[in-house]
1. Based only on Cα atoms, what mean projected area does the convex hull of segment 101-181 have, in nm²?
2. Send over the semi-axes of segment 51-190's equivalent ellipsoid, whole angstrom and largest first, taken as the square roots of 5 times the C-alpha gyration tensor eigenvalues.
């Protein structure tokens, strides 16, 4: 009888140890399976085919917006004209909002956007930021006119070529803002 009790106790101990070992494996396996399931659910809802032209437009628009924000932050500090400083502050506000909307669209579509201006744009920022006084004001205003003219053209062209409906909506909503900026900076330039 003692021998039987010893065998039963040993068998129970082995079963308990095996159960603990299996639970540890199951817990790990369940965590991995849950993660895999969560990822596959997420991936299946985010699989979006993005047109290369749409992605190129989004990247170019994002880099341009970041360039204008950087230049305008410098202008808000360095400009001698209050009118230019006010314009620069409007630029930072409007382009930051547009940049966030574009970033949200890109994230939803799985598009990669640049994290900053490209090297040519950064060189322009650096060159203008080195200027002082009226030279800074003139360089900033001239750059804003040039950038906004090309941006309005780029957005109008993209309005007819972009395929993604979210990007089309972004473009339609952004063109009037960019046009307002262009009109405002041209008025500032004519008053210099």
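1. The directionally averaged projection comes out at 6.2 nm².
2. Its equivalent ellipsoid spans semi-axes of 27, 15, 12 Å.
None of the figures in this text is laboratory data; all of them are computed from the coordinates on show. Treat the numbers as computed from the prediction; the structure is a model and nothing was measured.
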